[in-house]
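Quick notes on the structure that follows.
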Amino acid sequence: MQPIDVVMLTKNSEHLLARCLASIYQNVVVNNLIVVDGFSTDGTLEILKTFNKQHGNIQILTLKGSRAKAREKGISQVKTDWFLFVDSDVILCPDWFKKAQKDMQPDVGAVWGVNIDVIPNMTHKRIVKLQSLVARHSFILRGGTHDTLIRRNLVWDIKIPEELHTYEDSYLMKWIRTKGYKTVIGSDIYCLHYKPPENWKTGNAVANATLEFKCGLIYSKNFAYVVYYPFFMCYWFLQIALQKSRNLLSH
């Protein structure tokens, strides 16, 4: 398998970063791991340094700004024909890159792996299936970069509006499609998404949903998303309610 560059955005990601990095090196042939860090104050940088001692190919950049600027910064350092965006709070499925290669067809510009939100202590098959369906439909409407292969020559010149701290992934997918290439859901790849512990708090969930709504509707003008947004809101709060109920039962 041909080595590829991997781009990761981080900021205070210590809750899962070591497991995330391990899954990357186990399932991807990494040329360079390009990390754009938003001045982390926890153990993120120490974890990265530990892995760099093992692999010797981690490049750490620091940037204060939105995810839009961070993604541009990461892309600017890519040298391989294809590269992989991986979020710092996901774990790749076994053989992720090996399985993804069959979807890297000549007319494809991006291959996305389904992200499955992990609700702590919740493994019911129906919940997992619902999560997969919601994630797939969300990608069709607005894109995603949790675990996404991208052709470098399609995005090397991209200029993402700086105010898109979220929804920058939608802009990226649209950019690729305007160049005549498809953005597809990988046929057999996925990642497990472990949200930071603070994201399970109702206040943070409301703040994140508000930011998503603002960027998605004001900046991207994605009116199709307006129709489905109440459903996504209910789904997110269902996740929080399930997590809180599990916490109560465990005490």
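The values are calculated or read from the model by the stated rules, or taken from the named source; none is laboratory data. What you see is a predicted model; the values in this text were computed from it and never measured. Cβ sites come from the backbone with ideal geometry, for glycine too, and all protein chains shown count toward neighbours.
From the set of residues in region 107-142 that are within 16 Å of Arg177 (Cβ to Cβ) and at pLDDT 75 or above, which is surrounded by the fewest Cβ atoms within 10 Å (Cβ to Cβ)? Walk me through it before giving the result.
If we filter region 107-142 for residues that are within 16 Å of Arg177 (Cβ to Cβ), which is where we start, we get 107-112, 139-142.
Now narrow it down to the ones that are at pLDDT 75 or above: 107-112.
Details: Asp107: 8, Val108: 16, Gly109: 23, Ala110: 28, Val111: 26, Trp112: 28.
Here the residue is Asp107.
Which one of Lys49, Lys98 is on the phi < 0 side of the Ramachandran plot, without any contact (Cβ under 8 Å) to a residue 24 or more places away in the chain and not small (Gly, Ala, Ser)?
One residue alone meets the criteria, Lys49.
Spot the failing condition for Thr62; the list is (1) polar (S, T, N, Q); (2) within 26 Å of Pro94 (Cα to Cα); (3) surrounded by fewer than 16 Cβ atoms within 10 Å (Cβ to Cβ), and only one is missed.
That leaves (2) as the condition not met.
Have a look at Thr148, Thr166, Thr183 and point out the one that is part of a strand (DSSP E or B), of a type in the set (S, T, N, Q) and within 18 Å of Ala70 (Cα to Cα).
Thr148
State whether one or more residues within region 147-169 are in contact with a Cys (Cβ under 9 Å, 6 or more places away or on another chain) and under 24 Å from Tyr25 (Cβ atoms).
There is at least one residue in region 147-169 that is in contact with a Cys (Cβ under 9 Å, 6 or more places away or on another chain) and under 24 Å from Tyr25 (Cβ atoms).
Consider only pairs whose beta carbons are under 6 Å apart and that are at least six residues apart or on different chains; among these, list those whose first residue lies in region 55-76 and is closer than 14 Å to Tyr167 by Cα and whose second residue is in a strand (DSSP E or B) and aliphatic (A, V, I, L, M).
Close Cβ pairs (under 6 Å, with a partner that is in a strand (DSSP E or B) and aliphatic (A, V, I, L, M)) amount to Ala70/Leu9; Ala70/Val36.
Identify, please: which residue in region 186-206 is of a type in the set (D, E, K, R) and assigned to a loop (DSSP other than H, G, I, E, B) and is, among those, modelled with the highest pLDDT?
Lys195
Looking at Leu84, is it in a strand (DSSP E or B), surrounded by fewer than 17 Cβ atoms within 10 Å (Cβ to Cβ), touching an Asp or Glu at 6+ places or on another chain (Cβ under 9 Å) and not aromatic (Phe, Trp, Tyr)? Give the derivation first.
On the way: in a strand (DSSP E or B): yes; surrounded by fewer than 17 Cβ atoms within 10 Å (Cβ to Cβ): no; touching an Asp or Glu at 6+ places or on another chain (Cβ under 9 Å): yes; not aromatic (Phe, Trp, Tyr): yes.
Spelling it out, it is not the case that Leu84 is in a strand (DSSP E or B), surrounded by fewer than 17 Cβ atoms within 10 Å (Cβ to Cβ), touching an Asp or Glu at 6+ places or on another chain (Cβ under 9 Å) and not aromatic (Phe, Trp, Tyr).
For Ser40, are the conditions met, namely being surrounded by fewer than 19 Cβ atoms within 10 Å (Cβ to Cβ), farther than 23 Å from Cys191 by Cα, of a type in the set (S, T, N, Q) and modelled with pLDDT of 95 or more?
no
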